[in-house]
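So the structure is just underneath, and the comments pick up after that.
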Amino acid sequence: TGHCGTTTLSSPHSYENVSDVGFGFEGKYGGTNMQIPTHEYREFTSVDDELQWVKNVLTPNLYQSLENTKKKVYVDFGHHSLYFYRGLALYLLEKDPMFCSTLHIVRIRRERYELAQSLMYIRESEKQKSLSQMVYRFVPAERKQDVLLPPPVDSSGNSVFQKLTTYQQMLWFIDETEARWLQFKLNYQHISGLELHEVSWTNADNSMPGVVKQISHWLGGHPSMKIHQLKKHAGDLTVNKAYGKNADMDYW
(Lines give C-alpha, C1' and ligand atoms only; values in the text may rest on other atoms or scores of the structure.)
Protein backbone atom coordinates (compact mmCIF):
# COMPACT_ATOMS: atom_id res chain seq x y z
CA THR A 1 0.00 0.00 0.00
CA GLY A 2 2.91 2.33 0.63
CA HIS A 3 3.50 4.06 3.98
CA CYS A 4 4.53 0.70 5.45
CA GLY A 5 8.16 1.61 6.10
CA THR A 6 9.41 0.45 2.71
CA THR A 7 11.90 3.32 2.39
CA THR A 8 13.54 2.18 5.61
CA LEU A 9 13.40 -1.47 4.58
CA SER A 10 14.98 -0.65 1.19
CA SER A 11 17.91 1.18 2.77
CA PRO A 12 21.28 -0.60 3.03
CA HIS A 13 21.82 1.35 6.26
CA SER A 14 19.18 -0.83 7.93
CA TYR A 15 21.30 -3.96 7.51
CA GLU A 16 24.81 -5.32 8.12
CA ASN A 17 26.80 -8.04 6.35
CA VAL A 18 24.80 -7.85 3.14
CA SER A 19 27.56 -6.80 0.73
CA ASP A 20 26.17 -8.97 -2.09
CA VAL A 21 22.78 -7.23 -1.95
CA GLY A 22 21.77 -4.29 -4.09
CA PHE A 23 18.98 -2.17 -2.60
CA GLY A 24 16.55 -0.21 -4.72
CA PHE A 25 13.36 1.64 -3.97
CA GLU A 26 10.35 1.66 -6.28
CA GLY A 27 12.39 0.72 -9.32
CA LYS A 28 15.38 3.01 -8.79
CA TYR A 29 18.63 1.08 -8.54
CA GLY A 30 22.16 1.18 -9.91
CA GLY A 31 21.65 4.43 -11.79
CA THR A 32 18.69 2.99 -13.67
CA ASN A 33 15.10 4.03 -13.15
CA MET A 34 13.04 0.98 -14.08
CA GLN A 35 9.74 2.70 -13.54
CA ILE A 36 7.49 3.55 -16.42
CA PRO A 37 5.10 6.51 -16.10
CA THR A 38 2.37 5.96 -13.56
CA HIS A 39 -0.39 6.37 -16.11
CA GLU A 40 1.12 3.48 -18.10
CA TYR A 41 1.14 1.28 -15.01
CA ARG A 42 -2.58 1.91 -14.76
CA GLU A 43 -2.98 0.64 -18.30
CA PHE A 44 -1.91 -2.84 -17.23
CA THR A 45 -5.34 -4.37 -17.71
CA SER A 46 -4.34 -8.03 -17.53
CA VAL A 47 -1.85 -10.37 -15.94
CA ASP A 48 -0.27 -10.79 -19.37
CA ASP A 49 0.40 -7.02 -19.48
CA GLU A 50 2.27 -7.40 -16.19
CA LEU A 51 4.21 -10.41 -17.47
CA GLN A 52 5.27 -8.67 -20.67
CA TRP A 53 6.52 -5.63 -18.72
CA VAL A 54 8.52 -7.83 -16.34
CA LYS A 55 9.97 -9.71 -19.30
CA ASN A 56 10.74 -6.80 -21.62
CA VAL A 57 11.49 -3.91 -19.25
CA LEU A 58 12.19 -4.99 -15.68
CA THR A 59 14.40 -8.05 -16.22
CA PRO A 60 16.86 -6.60 -18.79
CA ASN A 61 17.33 -3.39 -16.79
CA LEU A 62 17.70 -5.20 -13.50
CA TYR A 63 20.20 -7.68 -14.93
CA GLN A 64 22.31 -4.85 -16.33
CA SER A 65 22.20 -2.94 -13.05
CA LEU A 66 23.29 -5.98 -11.04
CA GLU A 67 26.11 -6.64 -13.49
CA ASN A 68 27.29 -3.03 -13.28
CA THR A 69 27.32 -3.05 -9.47
CA LYS A 70 28.64 -6.61 -9.05
CA LYS A 71 25.73 -7.59 -6.80
CA LYS A 72 24.00 -10.96 -6.67
CA VAL A 73 20.70 -10.16 -4.96
CA TYR A 74 18.28 -7.31 -5.58
CA VAL A 75 15.84 -5.94 -3.01
CA ASP A 76 13.16 -3.48 -4.05
CA PHE A 77 10.31 -2.55 -1.74
CA GLY A 78 7.53 -0.11 -2.49
CA HIS A 79 3.92 -0.09 -3.61
CA HIS A 80 4.84 0.24 -7.30
CA SER A 81 4.91 -3.57 -7.25
CA LEU A 82 1.12 -3.59 -6.90
CA TYR A 83 1.00 -3.24 -10.66
CA PHE A 84 3.20 -6.18 -11.67
CA TYR A 85 3.52 -8.61 -8.75
CA ARG A 86 1.61 -11.33 -10.62
CA GLY A 87 3.82 -10.91 -13.67
CA LEU A 88 6.88 -11.41 -11.49
CA ALA A 89 5.57 -14.71 -10.19
CA LEU A 90 4.54 -15.96 -13.62
CA TYR A 91 7.91 -15.12 -15.14
CA LEU A 92 9.49 -17.75 -12.91
CA LEU A 93 7.69 -20.33 -15.05
CA GLU A 94 9.62 -19.24 -18.15
CA LYS A 95 12.94 -20.32 -16.61
CA ASP A 96 14.78 -17.33 -18.07
CA PRO A 97 18.46 -17.68 -17.04
CA MET A 98 18.60 -13.88 -16.69
CA PHE A 99 15.85 -13.99 -14.07
CA CYS A 100 16.18 -15.19 -10.50
CA SER A 101 15.80 -18.85 -9.56
CA THR A 102 14.17 -17.89 -6.26
CA LEU A 103 11.80 -14.96 -5.91
CA HIS A 104 10.82 -13.72 -2.46
CA ILE A 105 7.69 -11.60 -2.25
CA VAL A 106 7.07 -9.97 1.12
CA ARG A 107 3.66 -8.71 2.23
CA ILE A 108 4.32 -5.84 4.65
CA ARG A 109 1.40 -4.92 6.85
CA ARG A 110 1.03 -1.94 9.10
CA GLU A 111 -1.76 -1.52 11.66
CA ARG A 112 -4.81 -0.59 9.60
CA TYR A 113 -5.94 2.66 11.22
CA GLU A 114 -2.35 3.80 11.67
CA LEU A 115 -1.73 3.15 7.99
CA ALA A 116 -4.89 4.97 6.88
CA GLN A 117 -3.90 7.99 8.96
CA SER A 118 -0.39 7.91 7.53
CA LEU A 119 -1.80 7.88 4.01
CA MET A 120 -4.00 10.81 4.99
CA TYR A 121 -0.98 12.72 6.32
CA ILE A 122 0.73 12.89 2.95
CA ARG A 123 -2.53 13.47 1.08
CA GLU A 124 -3.34 16.48 3.23
CA SER A 125 0.20 17.89 3.05
CA GLU A 126 0.02 17.72 -0.75
CA LYS A 127 -3.56 19.06 -0.78
CA GLN A 128 -4.89 15.88 -2.36
CA LYS A 129 -8.51 15.14 -1.65
CA SER A 130 -8.99 11.60 -2.89
CA LEU A 131 -7.32 8.26 -3.47
CA SER A 132 -7.43 8.85 -7.24
CA GLN A 133 -4.69 11.50 -6.89
CA MET A 134 -2.27 9.07 -5.29
CA VAL A 135 0.36 7.25 -7.35
CA TYR A 136 0.70 3.45 -7.23
CA ARG A 137 -2.78 2.64 -6.02
CA PHE A 138 -6.01 1.04 -7.13
CA VAL A 139 -9.21 3.00 -7.71
CA PRO A 140 -12.41 1.04 -8.50
CA ALA A 141 -13.42 3.16 -11.49
CA GLU A 142 -10.06 2.66 -13.22
CA ARG A 143 -9.68 -1.09 -12.76
CA LYS A 144 -13.23 -2.39 -12.82
CA GLN A 145 -12.21 -5.64 -14.46
CA ASP A 146 -10.11 -6.91 -11.56
CA VAL A 147 -11.20 -5.05 -8.41
CA LEU A 148 -11.94 -7.68 -5.78
CA LEU A 149 -13.97 -5.46 -3.44
CA PRO A 150 -16.18 -3.42 -5.79
CA PRO A 151 -18.15 -0.69 -4.03
CA PRO A 152 -21.94 -1.00 -4.16
CA VAL A 153 -24.03 1.36 -6.24
CA ASP A 154 -26.76 3.70 -5.01
CA SER A 155 -30.38 3.80 -6.16
CA SER A 156 -29.32 5.80 -9.23
CA GLY A 157 -26.76 3.20 -10.26
CA ASN A 158 -23.75 5.30 -9.26
CA SER A 159 -20.85 3.94 -7.25
CA VAL A 160 -20.85 5.10 -3.64
CA PHE A 161 -17.05 5.25 -3.65
CA GLN A 162 -16.85 8.96 -4.46
CA LYS A 163 -19.15 9.68 -1.52
CA LEU A 164 -16.64 8.23 0.92
CA THR A 165 -14.32 10.49 2.88
CA THR A 166 -10.66 10.38 1.86
CA TYR A 167 -9.94 8.41 5.03
CA GLN A 168 -12.58 5.81 4.12
CA GLN A 169 -11.15 5.56 0.60
CA MET A 170 -7.79 4.77 2.16
CA LEU A 171 -9.40 2.04 4.26
CA TRP A 172 -10.88 0.59 1.06
CA PHE A 173 -7.45 0.65 -0.60
CA ILE A 174 -5.92 -1.17 2.38
CA ASP A 175 -8.67 -3.79 2.29
CA GLU A 176 -8.43 -4.21 -1.51
CA THR A 177 -4.68 -4.74 -1.22
CA GLU A 178 -5.21 -7.41 1.44
CA ALA A 179 -7.84 -9.16 -0.70
CA ARG A 180 -5.41 -9.19 -3.62
CA TRP A 181 -2.68 -10.70 -1.45
CA LEU A 182 -4.99 -13.49 -0.29
CA GLN A 183 -6.02 -14.21 -3.88
CA PHE A 184 -2.38 -14.12 -4.97
CA LYS A 185 -1.40 -16.70 -2.35
CA LEU A 186 -4.25 -18.96 -3.40
CA ASN A 187 -3.45 -18.78 -7.13
CA TYR A 188 0.34 -18.56 -7.24
CA GLN A 189 1.91 -20.12 -4.16
CA HIS A 190 2.40 -23.43 -5.97
CA ILE A 191 4.96 -21.93 -8.40
CA SER A 192 8.41 -23.45 -7.96
CA GLY A 193 10.96 -20.90 -6.79
CA LEU A 194 8.37 -18.53 -5.34
CA GLU A 195 8.61 -17.89 -1.61
CA LEU A 196 5.94 -15.78 0.08
CA HIS A 197 6.47 -14.00 3.41
CA GLU A 198 4.34 -11.85 5.67
CA VAL A 199 5.52 -9.31 8.24
CA SER A 200 3.59 -6.81 10.36
CA TRP A 201 4.47 -3.79 12.44
CA THR A 202 3.04 -0.75 14.14
CA ASN A 203 4.46 2.41 15.66
CA ALA A 204 2.52 1.73 18.83
CA ASP A 205 4.73 -1.20 19.85
CA ASN A 206 7.90 -0.08 18.01
CA SER A 207 7.97 -3.33 16.04
CA MET A 208 9.78 -2.10 12.90
CA PRO A 209 13.17 -3.40 14.19
CA GLY A 210 11.64 -6.87 14.32
CA VAL A 211 10.65 -6.61 10.65
CA VAL A 212 14.18 -5.51 9.71
CA LYS A 213 15.52 -8.49 11.65
CA GLN A 214 13.29 -10.90 9.73
CA ILE A 215 14.26 -9.46 6.35
CA SER A 216 17.96 -9.33 7.20
CA HIS A 217 17.74 -13.04 8.10
CA TRP A 218 16.33 -13.84 4.64
CA LEU A 219 19.21 -11.83 3.14
CA GLY A 220 21.81 -13.69 5.17
CA GLY A 221 22.78 -10.63 7.21
CA HIS A 222 21.95 -8.83 10.43
CA PRO A 223 19.95 -5.72 11.33
CA SER A 224 21.85 -2.53 12.01
CA MET A 225 22.32 -1.50 15.61
CA LYS A 226 20.20 1.62 15.05
CA ILE A 227 17.34 1.72 12.55
CA HIS A 228 15.99 5.09 11.44
CA GLN A 229 12.53 5.81 10.11
CA LEU A 230 13.42 7.55 6.87
CA LYS A 231 10.10 9.24 6.20
CA LYS A 232 8.08 11.39 8.55
CA HIS A 233 4.75 9.96 7.41
CA ALA A 234 5.93 6.49 8.43
CA GLY A 235 6.96 7.71 11.87
CA ASP A 236 5.12 8.71 14.99
CA LEU A 237 1.44 9.49 14.57
CA THR A 238 -1.37 10.00 17.03
CA VAL A 239 -3.89 7.39 15.96
CA ASN A 240 -7.54 7.86 16.85
CA LYS A 241 -8.89 4.31 16.77
CA ALA A 242 -12.37 5.43 17.77
CA TYR A 243 -12.45 7.64 14.67
CA GLY A 244 -11.27 4.70 12.59
CA LYS A 245 -13.95 2.39 13.94
CA ASN A 246 -16.65 4.96 13.22
CA ALA A 247 -15.34 5.36 9.68
CA ASP A 248 -15.51 1.58 9.28
CA MET A 249 -19.14 1.49 10.45
CA ASP A 250 -20.08 4.07 7.83
CA TYR A 251 -17.92 2.48 5.13
CA TRP A 252 -20.95 1.78 2.93
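The values are calculated or read from the model by the stated rules, or taken from the named source; none is laboratory data. Note that this is a predicted model, so its numbers are computed, not measured. FYI the Cβ positions are ideal-geometry reconstructions off the backbone, even for glycines, and counts take in every protein chain you see. Side chains included, ligands, DNA and RNA excluded: accessible areas come from the protein's heavy atoms. Shrake-Rupley method; radii C 1.70, N 1.55, O 1.52, S 1.80 Å.
Computed from the C-beta positions of D96 and D250, the FRET efficiency with R₀ = 45 Å rounds to 0.40. The mean accessible area for residues of the stretch 54-108, using a 1.4 Å probe and ignoring ligands and nucleic acids, is 49 Å² per residue.
For a modelled paramagnetic label at H104, 7 Å from Cα along Cα-to-Cβ, the residues of the stretch 56-92 in reach, with backbone nitrogen under 14 Å, are 72-77. Rounded to 0.05, the FRET efficiency of the H13 and F184 pair, given R0 = 30 Å and the Cβ-Cβ distance, is 0.50. The residues of the stretch 174-227 have, on average, 53 Å² of accessible surface per residue, using a 1.4 Å probe with all protein chains present.
Rounded if a/c is under 1.5, else prolate if a/b is larger than b/c, else oblate: which is the stretch 150-218, with a ≥ b ≥ c the root eigenvalues of its Cα gyration tensor? Because a/c hits 1.5 or more and a/b fails to exceed b/c, the stretch 150-218 counts as oblate. For the stretch 149-218, carbon and sulfur atoms together expose 51% of the accessible surface, with a 1.4 angstrom probe and every protein chain in place. What pairs from K185/K226; K163/K245; K71/K213; K95/K185; K213/K241 go past 25 Å between their alpha carbons? Distance filter (> 25 Å) returns K185/K226; K213/K241.
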